[in-house]
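The values are calculated or read from the model by the stated rules, or taken from the named source; none is laboratory data. It should be emphasised that the depicted structure is a prediction, and the values quoted were computed from it without experimental measurement. Neighbour counts are summed over all protein chains in view; Cβ atoms, including those assigned to glycine, are modelled from backbone coordinates with ideal geometry. We work out accessible area using only protein heavy atoms, side chains counted, and drop any ligands, DNA or RNA first. Shrake-Rupley method; radii C 1.70, N 1.55, O 1.52, S 1.80 Å.
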Amino acid sequence: MSIDVANESGVPVDESALSELARYVLDALRIHPLAELSVVLVDEEPMAELHMRWMDLPGPTDVMSFPMDELRPGGPDRPSEPGTLGDVIICPQVAARQAEQGGHGVQDELDLLCTHGILHLLGYDHAEPEERTEMFGLQTELLMGWRPSAAAASRTAETREG
C-alpha cells in the first residue's frame, strides 16, 4: 500500500504517525494492498482557497477529501479493487483550534481528521441522518481500535458536526 504524507504547512506534525494510522484504517477496511493514498497538510490560506473553490465556503476548514478511483471497502473474504483512493487535505492550524475546543490533544484531532477524510474517499458521507450514524460510528470504531484517546476526539467531532 502506498501512503504518501506531505507536510506543506510549516507546522511540526508527526507524519509517520499519520501514515501508520492511514495504513491501519485502510487495512481495517480491507483496501487492496496496491491502493494509493495521499495525505497533505497545508496552511490556512491554501485550505481557505480550496474550501472556496470546491465548496464555495469562505475561510479554512479542517479537512477536505478529493477521491480519484471511487474505491469502496472490501468484504470479509476479499479486498477492494486496487487503485488510487485520492487526497486527504488537512489544515493543522484548524485542527489545533478544534483540539483545544474539544479538550483533547492535537494528534488525536489529526487522527480524527485523517480517518474522516479517508472515509469520505471511500464513499461515506454524513449529509443524511442514517449516513451520519454509519460514518461516525465507523469512524469512532476505527479510532478506538487505533488509540482509545482518539475515540474521545471522534465523539467531540460528532457533536461539533451536529
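A few notes on this one:
- Estimated dipole of the chain in Debye, rounded to 20 [Cβ of Lys and Arg +1, of Asp and Glu -1, Cα centre]: 360 debye
- Percentage, to the nearest whole number, of Cα pairs in segment 61-102 over 17 Å apart: 52 percent
- Value of Rg to Rh for segment 11-55, rounded to two decimals, is 1.09; Kirkwood radius and Rg both from alpha-carbon coordinates.
- Estimated from helices alone, the mean residue ellipticity of the chain at 222 nm is -17000 deg cm²/dmol (sum of -39500 (n - 2.57) over DSSP H runs with n ≥ 4, per residue).
- Rolled with a 1.4 Å probe across the full set of protein chains, the surface gives GLU20 an accessible area near 110 Å².
- Its Kirkwood hydrodynamic radius, worked out from the mean inverse distance over all distinct Cα pairs, puts segment 96-141 at 11.2 Å.
- In the complete set of protein chains, residue-level accessible area for THR140 is approximately 20 Å², probe 1.4 angstrom.
- Put simply, the C-alpha atoms of segment 1-143 give a gyration tensor, and the ellipsoid matching it has half-axes of 23, 16, 16 Å, longest first.
- Residue among SER16, THR140, CYS114 farthest towards the positive dipole end of the chain, charges placed on Cβ: THR140
- Note on segment 1-83: Rg/Rh from Cα positions, Kirkwood definition for Rh, rounded to two decimals, is 1.04.
- Calculated log₁₀ intensity ratio I(q)/I(0) where the Debye formula runs over C-alpha points of segment 51-126, q = 0.11, 0.23 Å⁻¹: -0.34, -1.05
- Once the 1.4 Å probe is applied to the protein heavy atoms, the chain comes out at 49 Å² accessible per residue.
- The dipole here belongs to segment 11-98: it is taken about the Cα centre, uses +1 on the Cβ of Lys and Arg and -1 on the Cβ of Asp and Glu, and is about 280 debye.
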